[in-house]
Amino acid sequence: MKFLAWFFAVIVFFSSFFVAFSYNLHQTFLTPEKTKQALVKVDFYNQIKSVLKKDLFENGSASSEEVASASKAINTSLDQFDFQPKIESLVADFYQGLTQKDGFAVNINLVDFKNIFISNISSATDKQSVDEFSTSIPDNWKVDFVNYSAPLAAVAFIYSNYELILVVYAALVLLFFIFCILVNFKYLRLFFWVFMIIGIFTLIQLALWKIVNLAPFLASIESQGRSGVGILVDNFADYFKQENIALLFWESIYLIGASLVGLIVISLIPTKIGSVPLHETK
């Protein structure tokens, strides 16, 4: 029984960090609905307008009159065009892509927006200027995830098996608890010490998340699709980082607090309770 108690102690200890990551990722945005909520929270729909303006004027070759006309036209176009359905379609494409075994790419089609913009600016400037401004805005922002097959495979596994992961983990914890009881009631110290250590390591993980720099890991994505993709990726990375830190904080507090209470309760129970018949027949 002691062997089994320690066996499940090791399994629960190491699996807890994967389960915590899965839970935090799911709570943050690993569902289409939560991803859409995250887009609103990071104010992406307003920021994408600034990105398009930057892409439009970054060449700096237009005259001040042309820039003024283009600025007015793009403001009008942004008011007339709703990006949200486009982005939400992109979200659906991403989660559909997670179910595929091979790599996949997603893209934001900007052709409809360009047509509205060209229509608004055509009456205010000449054809050559219209063509120059038109080429300043890409037809689409495309992101290929070919360099992220391994991380995406892990994310896809969590997305497809989230409920199963929680059920299996709960079963492991229950078995760990049962085998500790079967050894000796006082052996529950092992149970609570394991979760105390998990809570402490969770605090350490929280501290590491505060200093981790995700930019090198995300560089391949940010280099695609011009600045709009960079804005989206940076916002999502920062959002996940902050939300994950908050979740890790409360998870560590609950784990350490509950484990401490459990250890205190067990230490206060008389030792003679450990000599019940169950102990003699283990």
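Any read-out appearing in this document is the output of simple, stated calculations on the displayed coordinates, not a laboratory observation. What you see is a predicted model; the values in this text were computed from it and never measured. Cβ placement follows ideal geometry from the backbone for every residue including glycine, while neighbour counts extend to all protein chains displayed.
Couple of notes before you dig in:
- Taking 0.36 nm per residue of sequence separation and removing the Cα-Cα distance, the Ala105/Phe18 pair yields an extension gain of 28.7 nm.
- Legend: distances between Cα atoms for Lys142/Lys241; Lys36/Lys72; Lys41/Lys114; Lys36/Lys210; Lys34/Lys210; Lys72/Lys210; pairs beyond 31 Å are Lys72/Lys210.
- Estimated inter-spin distance, Ala156 and Phe7, nm [label 7 Å along Cα→Cβ]: 3.3
- Treating r as the C-beta distance of Asp144 and Leu175 and R0 as 51 Å, the FRET efficiency rounds to 0.75.
- Length gained when the stretch Trp250-Thr76 is fully extended (0.36 nm per residue, less Cα-Cα span): 58.1 nm
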